[in-house]
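A short reminder: the numbers here are calculations on the coordinates, not readings from a lab. Model, not experiment: these values are computed from the prediction. Ideal geometry is used to build each Cβ from the backbone, glycine not excepted, and the neighbour counts take in all protein chains shown.
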Amino acid sequence: MIESVLVANRGEIARRIIRTAKRLGIRAIAVYSEADADLPFVLEADEAVLIGPAAPAESYRNVDAVLEAARKTNAAAIHPGYGFLSENAAFARAVTEAGIVWIGPSPEAITAMGDKINARNLMSAAGVPVAPGTTDPAGSVEAALAAAEEIGFPVMVKAAAGGGGMGMAVANDTGQLTAEYDKVRGFAERMFGDGSVLIERYFPRVRHIEVQILGLADGRVVALGERECSVQRRNQKLVEESPSPALNGDQRSKLLAAAVRAGEAVNYRNAGTVECLFDPASGDFFFLEMNTRLQVEHPVTEAIFGIDLVEAQFRVASGLEVEVPAESSGHAIEFRVNAEDPKRFLPGPGAITVWNEPAGVRVDSGYTAGNKVTPSYDSLMAKLIVSAASREEALEKAREAVAAFEIVGPKNNLPFFLELLSNEEFCSGDYDTALVSRMR
């Protein structure tokens with residue numbers, strides 16, 4: 001097992017990785033920006049290094065600063081968490097070239113899956129179903145219109161290098177496509193440095209379901225169930241649950257098998273997620289993308305499989321065996337507690353004066369009373385995870401836990417979750433990615 005790890009991240013995920021590292025006797029090293037100096041993850045690490053000001057480009061995305069911190073502290077490994085540098089192939093390569101263990105998949109796998117068009121083509125060749133769409137970037141409005149004509153409206157206009165729900169728009173006709181193409185391309189160039197655009201069939205009523213995969217040190221790829229991620233605002237997830245209430249046994253088996261094939265196609269190692277769209281009307285599913293990192297929602301898988309995925313990541317990166325659970329048990333739901341307005345979901349940062357977490361459930365938090373949520377980073381403050389023997393019991397447990405979670409200071413979306421937990425469509429399990437839009 002590695003002896004020390006530098007966590008190249010912040011907030012709740014840094015704190016969560018540090019917790020497992022310390023349990024395993026691994027020296028945990030934090031890096032932090034000036035804005036995060038008093039956050040729990042900094043105080044809980046065995047060692048902490050200031051790497052720059054609040055701006056992510058000057059701190060958490062600063063490759064040179066992170067590598068220098070690793071050298072200074074003699075870190076044996078780097079865990080990137082999610083976001084920031086986690087899916088940066090050049091960073092992964094620089095880490096390994098510096099003689100430091102990279103806790104994640106190979107740079108080659110990250111590169112292969114980082115471009116949505118290339119990923120689609122690879123998956124199609126591996127026998128994984130993909131939605132109708134372009135096999136090359138649509139280099140002009142005219143090319144996008146021609147592709148849409150062949151695919152059929154409505155279509156999704158996507159930044160090929162995008163992720164996390166960013167750089168996407170729906171076009172229902174040629175006029176909308178013409179307008180959205182330029183917007184998406186411009187956004188992609190600014191955000192990702194790559195203006196490549198993908199045109200893909202849009203399904204108005206669809207569910208977003210993903211599979212947790214784990215590429216083991218011995219070369220095998222295994223699937224640890226699926227997660228339902230259809231409660232979204234602006235194509236970004238708010239609630240995840242496992243198992244998905246949408247799938248029957250046969251559909252689940254096919255989905256998991258396809259996810260394993262996806263991992264095998266790129267010789268995947270460590271933790272990753274294969275995201276798919278599921279059409280409840282036909283029962284068909286289509287590959288969406290692969291996230292080559294640990295997901296925000298990994299705790300729901302941990303809850304029903306009884307596994308610590310961060311420990312599994314450490315073990316795979318160390319060349320050690322992982323005891324993979326044969327099957328899951330019960331039902332788990334995760335709620336992303338964000339510093340945002342619960343009606344329009346606009347950011348609402350601020351100083352936290354009261355922070356009281358509910359008892360009897362898992363809360364992965366990045367903040368506590370006295371901390372300040374700044375506008376410099378993602379609005380995620382904590383993740384509330386409930387698990388029980390059945391979905392109905394988990395829902396009831398969630399109602400009690402959400403009601404008991406007290407946050408004063410920044411705006412938060414806990415009131416929305418209470419509304420969701422009384423929504424007939426969500427409670428029935430028969431919902432799709434447009435649920436939040438219908439509620440608003």
request  = Let me know the volume per residue of the alpha-carbon convex hull for the stretch 338-440, in Å³.
outcome  = 98
request  = At q = 0.23 Å⁻¹, work out log10 I(q)/I(0) for the stretch 132-201 with the Debye formula, treating every Cα as an identical point scatterer and leaving solvent out; two decimals please.
outcome  = -0.89
ask   = With +1 on each Lys and Arg Cβ and -1 on each Asp and Glu Cβ, how big is the dipole of the chain about its Cα centre, in debye rounded to the nearest 20?
value = 480
request  = Pop out the ³J(HN,Hα) list for the stretch 256-263 in order, Karplus 6.51 cos²θ - 1.76 cosθ + 1.60 with θ = phi - 60°, rounded to Hz; leave Gly and Pro as x.
outcome  = 5, 5, 5, 5, 5, 4, 4, x
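Quote to one decimal, in nm, the extra length available between Asn356 and Asn121 on full extension: 0.36 nm per residue of separation minus the C-alpha distance between them.
Length difference between fully extended and current span is 79.8 nm.
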inquiry  = Mean-square fluctuation check for the chain, GNM, Cα pairs under 10 Å: which of Phe314, Phe345, Phe91 is largest?
reply    = Phe345
query = In straight Cα distance, which aspartates and glutamates are under 18 Å from Lys183, not counting same-chain residues fewer than 8 positions off?
reply = Glu142, Asp173, Asp194, Glu200
message = Which of Lys183, Lys237, Lys383 ends up with the largest GNM mean-square fluctuation for the chain, with Cα atoms connected below 10 Å?
response = Lys183
Residue-count net charge about Ala303 - beta-carbon cut-off 12 Å; Lys, Arg +1, Asp, Glu -1 = -3
key: Of Lys22/Lys383; Lys254/Lys383; Lys383/Lys411, those spanning more than 27 Å from alpha-carbon to alpha-carbon   = Lys254/Lys383
request  = Could you give the spread of the C-alpha atoms of the stretch 4-103 along their three principal axes, from largest to smallest, in whole angstroms?
outcome  = 31, 30, 23
inquiry  = Only counting other Cβ atoms within 10 Å, I'd like Glu297, Glu264, Glu323 sorted with the fewest neighbours first.
reply    = Glu323, Glu264, Glu297
remark   = Classified through the alpha carbon gyration tensor (a ≥ b ≥ c as square roots of its eigenvalues; rounded if a/c is under 1.5, else prolate when a/b is larger than b/c, else oblate), the stretch 73-134 comes out prolate
note = GNM on the chain, Cα springs under 10 Å; top mean-square fluctuation among Gln176, Gln236, Gln212 goes to Gln176
ask   = Summing Lys, Arg as +1 and Asp, Glu as -1, what charge do residues with Cβ under 13 Å from the Cβ of Tyr32 carry, Tyr32 excluded?
value = -4
Hits among aspartates and glutamates - C-alpha to C-alpha of Lys72 under 17 Å, sequence gap 8 or more where chains match = Glu3, Asp46, Glu47, Asp64, Glu97
task = Could you tell me whether the stretch 104-151 comes out rounded, prolate or oblate from its Cα gyration tensor? Rule is a ≥ b ≥ c as square roots of the eigenvalues, rounded for a/c under 1.5, then prolate if a/b exceeds b/c, otherwise oblate.
result = oblate
